[in-house]
Amino acid sequence: MSDSKPIAPLYLKLVLTMAIWGGTFIVGRVLAQALPAMSIAFWRFVAATLCLFLLLWRSPEGLRWPTRSQWLWATALGLSGVFAYNLFFFFGLAQIPASRAALLVALNPIMVAVVSSLLLGQALGRRRWLGVLCSLFGAVTVISHGDYASILREGIGQGELLILGCCVSWVIYTLFGRSAMHHFSSLAATAWAALIGCALLGLAAAWRGELNSPLALDASQWAGVFYLGGLGTAAAFVWYSDGIKAVGAAKTIVFTNLVPVFAVLSSIVLLGEALSLPALLGGAAVVGGVWLTNSR
């Protein structure tokens, strides 16, 4: 019983982390319909960068200027996991419902597992390959609305392609991140990557003429920005990292199966989005496949 006491609060924090990440789809969907996508992404990471550097400053390692090699790794992380991911995320959410986007982003662990197997030689085994096929079948079901021939007739919609771009960006970020962790801590890597990605997002938004003034955002929009940046990025990162340190990556990543569940339920309750039977069945196949692939 004594061993279970410290684990229960940790699992609660992991569940709350998944609920927060599920909520980012709803908040992102609302903001993407009111503001330019690049402006939302920029202000999100202004808030996230401030929070992350505050955490880094208060951490035992403190603030340290990166070395040349650390700058290179931080730039790679910022380009893939911050700049590219968030452009795909917000442009995609401007076009498709939050629930559909969440079900597709649930493919992230599957794509990471497949690419790791192909490029890094990490064997998956029959059980995990079954999970990969199950998730891919679920994703095709969600994309096609259950009409599989429509993909051949009409192709994949632009919104779905953009959200799949999120998955590709996350795979690249994860592969870079595994190597980057040999050069500096996960908190420092995330903070400097957020800073670089934030600068790139700001430059791109200004170049496109989409950089909203801070005064142009109302109170509810600023609340959404700080939810995405403060909770969805900084706080969730710390709690997720705590989980990896305490119980390992294998057990922690299984909790990500809850993200689409929270996102879909929240989109139905808060946004009034309808969830079709093909989307429900496809989403269940995606989540089940992720569980098969990542469980031991």
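Find the helices (runs of 4 or more DSSP H) located wholly in segment 126-229 whose residues include 1 or more that are over 22 Å from Val46 (Cβ atoms), and list them.
Passing ranges, in order: 149-154, 158-180.
All conditions but one from (1) closer than 28 Å to Val15 by Cβ; (2) in contact (Cβ under 8 Å) with a residue 40 or more places away in the chain; (3) more than 16 Å from the chain's Cα centre (by Cα) apply to Met181; the one that does not is (2). Among the residues of segment 91-122, the ones that are among the hydrophobic types (A, V, I, L, M, F, W, C), in contact with a helix residue (DSSP H, G or I) (Cβ under 7 Å, 6 or more places away or on another chain) and more than 18 Å from Leu162 (Cα to Cα) come to 3 in all.
Taking the criterion of being out of contact with any Phe, Trp or Tyr (no Cβ under 7 Å at 6 or more places or on another chain), of a type in the set (Ser, Thr, Tyr) and open to solvent by less than 30 Å² (accessible area, probe 1.4 Å), the residues of segment 6-61 that qualify are Thr24, Ser39, Thr49, Ser59.
Figure legend. Inter-residue proximity from segment 64-78: first residues part of a helix (DSSP H, G or I), second residues open to solvent by 100 Å² or more (accessible area, probe 1.4 Å) and aromatic (Phe, Trp, Tyr), beta-carbon distance below 6 Å, spacing 6+ or different chains. No pairs are indicated. Exactly one residue out of Trp239, Trp222 is within 14 Å of Trp21 (Cβ to Cβ), modelled with pLDDT of 85 or more, over 14 Å from the mean Cα position of the chain (by Cα) and open to solvent by 30 Å² or more (accessible area, probe 1.4 Å): that is Trp239.
Residues considered: Val254, Val238, Val269. Of these, the only one that is β-branched (Val, Ile, Thr) and touching a residue at least 60 places away in the same chain (Cβ under 8 Å) is Val238.
Do we find a residue being closer than 29 Å to Val142 by Cα, touching a Ser or Thr at 6+ places or on another chain (Cβ under 6 Å) and of a type in the set (Phe, Trp, Tyr) anywhere in segment 161-171? No, there is no match, as no residue in segment 161-171 is closer than 29 Å to Val142 by Cα, touching a Ser or Thr at 6+ places or on another chain (Cβ under 6 Å) and of a type in the set (Phe, Trp, Tyr).
Residues of segment 103-125 that are outside any helix (DSSP H, G or I) and open to solvent by less than 50 Å² (accessible area, probe 1.4 Å): Ala106, Leu107, Leu124.
Checked against the criterion of being in contact with a helix residue (DSSP H, G or I) (Cβ under 6 Å, 6 or more places away or on another chain), open to solvent by 40 Å² or more (accessible area, probe 1.4 Å) and modelled with pLDDT under 85, the candidates Leu258, Leu231, Leu280, Leu215 yield just one match: Leu258. Among the residues making up segment 261-277, those that are crowded, with 17+ Cβ neighbours inside 10 Å and assigned to a helix (DSSP H, G or I) are Val261, Phe262, Ala263, Val264, Ser266, Ser267. Look at (1) modelled with pLDDT of 80 or more; (2) open to solvent by less than 10 Å² (accessible area, probe 1.4 Å); (3) among the small types (Gly, Ala, Ser); (4) under 30 Å from Ser116 (Cβ atoms) and you find that Ala205 fails only one, number (4). I want to confirm something. Restricting to segment 86-102 and keeping residues that are open to solvent by less than 10 Å² (accessible area, probe 1.4 Å) and not aliphatic (A, V, I, L, M), which single residue is nearest to Ala194 (Cα to Cα)? Among those residues, the one meeting the criterion is Asn86.
Does segment 283-295 contain any residue that is open to solvent by 40 Å² or more (accessible area, probe 1.4 Å) and either β-branched (Val, Ile, Thr) or more than 26 Å from Ala48 (Cβ to Cβ) (or both)? Within segment 283-295 (the criterion being open to solvent by 40 Å² or more (accessible area, probe 1.4 Å) and either β-branched (Val, Ile, Thr) or more than 26 Å from Ala48 (Cβ to Cβ) (or both)), the answer is yes, since at least one residue qualifies.
The values are calculated or read from the model by the stated rules, or taken from the named source; none is laboratory data. What you are looking at is a predicted structure, and each value in this text was computed from that prediction instead of being measured. With ideal geometry, Cβ positions are generated from the backbone for all residues, glycine too; neighbour counts draw on all protein chains shown. Each accessible area value is taken on the protein alone, full model and side chains, heavy atoms only, with ligands, DNA and RNA left out. Shrake-Rupley method; radii C 1.70, N 1.55, O 1.52, S 1.80 Å.
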